[in-house]
Every structure is written in structure tokens, then in C-alpha cells.
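The values are calculated or read from the model by the stated rules, or taken from the named source; none is laboratory data. The structure presented is a predicted model; accordingly, all values stated were derived computationally and were not measured. Cβ placement follows ideal geometry from the backbone for every residue including glycine, while neighbour counts extend to all protein chains displayed. Note: accessible area is taken over every heavy atom of the protein model, side chains too, but ligands, DNA and RNA are not part of it. Shrake-Rupley method; radii C 1.70, N 1.55, O 1.52, S 1.80 Å.
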Amino acid sequence: MEVELHLPVVPNVELVAAKAVETLGAALGMDQTRVEAVSVAVVEACLNAIEHGGGSMVVRLAGHNDEARPRLIIEVEDHGAGFDPEDPPIDGSSRKFGCTPKRGWGLTLIRELMDEVQIRSGPGLTLVRMSKYVESAP
Amino acid sequence: MSNETIKLSADVLGDGVGVISAAGYINNEGGQAIADAAQGLLGRGVRTLLIDLDGTRIINSIGVSILLEIMEKLLEDNGRLAFCNLTPTIAKTFEIMGLVQYASIFPDRRTARSQLGVDVPS
């Protein structure tokens, strides 16, 4: 099961990717809570691509149900200036109460909500690859 | 998936307690709509605000950041913010973003009303 979406930068386009997550997640037998976690992570990855990617993005979703632990793998690709994944420009997790900025939570949420996350980024290509197992670890 | 357009209702429950029901996608527009409704309730003397997210399944960090601003405004006015009917993912997102450190989380509207001191009809 594979889906590839070429998404333009239009309002709420991230929900198109979230809808695809919902459809493939359900087909894999993923429960609603895990589907919603993936949806929020994908929405954040798309918002980062919209904000920093400099144009349209590609979202690839692949359901792997032939493995010992079935999982949903998602890639979000943009073609912006790139960044250092170990030192993102804004890190929301360092935020203190009452202080700005309140932005910059995307990568933190993605890492917390997904089971595995890999980020490759350089000038002209940023690829966020993330996966969620259909069931939590035994 | 939640509708793109958020559906809101706002009421004063009495004794300085107000409730906003929000169903839909909490993004920048949804968050701002909640903030506007909250501002209206604060203008009516509300200092304890309950946000009921029954019907909200997906949020983003921009929308939650606006909820953080509502919370900061309430705390500056010695108020209190509470939420009920959160999905597990929304609850986890609030936890990651630090909202639960300063806001109360209740499983449902009835429990929230009881704990906030609003009479619950029998």
C-alpha cells in the first residue's frame, strides 16, 4: 500500500496528508489513538515544509503489513534551504512559561508522537522520514 | 477527520465560570476563534474558563500556541483554565507543550463542572 501526494501550498493542505494517514492507518488495523498521533505528526511535518520549504511538498505514505511488526512509514519532502536537524532554528522544548516564542514545536512533537524519526536536510532537500508501528511494543 | 471549520459555542455557567465548546481543527484560525470567544467571556466576568474539546480530533502546534496565550492571559488575571474531553493524542500534545502544567484536565464535562464548583444537574 503506497500513496504519493504532491501538495501545493494552500490553506489546510496538511489535512489532505492527515486524511491519507487515516485511510492507510485504518487499512493496516492501526487503532484510532495511534492514527491520530500520526496525523498530528504529519500535520506538523507539512507545516514545517510549508513554512521553510519554499514551495510545494511531496508526502509519501507506505503501509508495511508484511513485516513482523506492521507499520506505517511516511516521508515529507520539501526543497527549501534546509537546516541542521540537531540544531533546529527554533526549539519549542526550550520554551519557558510566559516567554516567546511559542512556535517551533513541530520537530519535538514529531519525535514524541512517532516511533522512529529520521531527518536528512541540506540546501534544496529536506526529508523527514517517520514511522509508527501498528501496535505498541509488546 | 475533523472538519476544517471549527464549530464554537460559548456560555457563562455562573459564578465566574465560562465554557467554550470547540469541535473541529484547531489550527491558527481555530485557535484564534477560541481566543476571541475567551476574550468575550473574560469581558463578562469569567475568570475560570473550561474548554470542552469534544468533537476535536486534530490540532496543530500553532493552534495550541494560541491556547497557551489564552492560559497566560487568564493566569495574569488570577484566573484558571481547564479542558475536558481530550483525545489521548491531544492530551499528550498538551503535555509535551507544557499546557498541563498550568491547566486542569478533566475527562468529561460533568466531572469538570463538579470540580470547578459549578452545580451539576441531577
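Residues that are part of a helix (DSSP H, G or I), charged (D, E, K, R) and over 19 Å from A:Gly55 (Cα atoms) within region A:1-42 comprise A:Lys19, A:Glu22, A:Arg34, A:Glu36, listed in sequence order.
Taken over region B:1-46, the criterion of being part of a loop (DSSP other than H, G, I, E, B) and of a type in the set (Ser, Thr, Tyr) is satisfied by B:Ser2, B:Thr5, B:Tyr25.
Residue by residue, here is whether (1) out of contact with any Gly (no Cβ under 8 Å at 6 or more places or on another chain); (2) not β-branched (Val, Ile, Thr) holds:
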position	(1), (2)
A:Asp31	yes, yes
A:Val38	no, no
A:Val42	yes, no
A:Cys46	yes, yes
A:Arg60	yes, yes
A:His64	yes, yes
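From the residues in region A:102-115 that are more than 9 Å from every other protein chain (Cβ to nearest Cβ) and open to solvent by less than 80 Å² (accessible area, probe 1.4 Å), which one is farthest from the chain's Cα centre (by Cα)? Result: A:Asp115.
For region B:47-122, the strands (runs of 3 or more DSSP E) that sit wholly inside it and include 1 or more residues that are surrounded by 20 or more Cβ atoms within 10 Å (Cβ to Cβ) are B:48-52, B:80-84.
Filter region B:60-70 down to the residues that are out of contact with any Gly (no Cβ under 8 Å at 6 or more places or on another chain) and either more than 18 Å from B:Glu95 (Cβ to Cβ) or within 9 Å of chain A (Cβ to nearest Cβ) (or both), then identify the one that is modelled with the lowest pLDDT. The residue in question is B:Glu69. Looking at region B:1-26, which of its residues are within 14 Å of another protein chain (Cβ to nearest Cβ) and at pLDDT below 95? If the condition is that a residue be within 14 Å of another protein chain (Cβ to nearest Cβ) and at pLDDT below 95, then B:Met1, B:Ser2, B:Asn3, B:Glu4, B:Thr5, B:Ile6 are the ones that fit. For region A:48-75, filtering for residues that are within 14 Å of another protein chain (Cβ to nearest Cβ) and either crowded, with 22+ Cβ neighbours inside 10 Å or under 15 Å from A:Gln118 (Cα atoms) (or both) leaves 2.
Condition check ((1) in contact with a helix residue (DSSP H, G or I) (Cβ under 6 Å, 6 or more places away or on another chain); (2) among the small types (Gly, Ala, Ser); (3) within 29 Å of A:Ala17 (Cα to Cα)) across all residues:
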position: B:Ala38; (1), (2), (3): yes, yes, no
position: B:Leu41; (1), (2), (3): no, no, no
position: B:Arg44; (1), (2), (3): no, no, no
position: B:Thr48; (1), (2), (3): no, no, no
position: B:Ile51; (1), (2), (3): no, no, yes
position: B:Asp77; (1), (2), (3): no, no, no
position: B:Pro88; (1), (2), (3): yes, no, yes
position: B:Phe94; (1), (2), (3): yes, no, yes
position: B:Val100; (1), (2), (3): yes, no, yes
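Any residue that is at pLDDT 85 or above and closer than 19 Å to B:Ile59 by Cα - is there at least one of those in region A:79-95? Among the residues of region A:79-95, not one is at pLDDT 85 or above and closer than 19 Å to B:Ile59 by Cα, which makes the answer no. Residues of region A:120-138 that are buried (at least 16 other Cβ atoms within 10 Å of the Cβ) and farther than 16 Å from A:Ile50 by Cα: A:Arg129, A:Met130, A:Ser131, A:Lys132, A:Tyr133, A:Val134. Listed by first and then second residue, the pairs with beta-carbon distance under 8 Å, at least 6 apart or on different chains, first residue in region B:43-68 and farther than 18 Å from B:Tyr25 by Cα, second among the polar types (S, T, N, Q) and surrounded by fewer than 23 Cβ atoms within 10 Å (Cβ to Cβ), are B:Arg47/B:Asn78.
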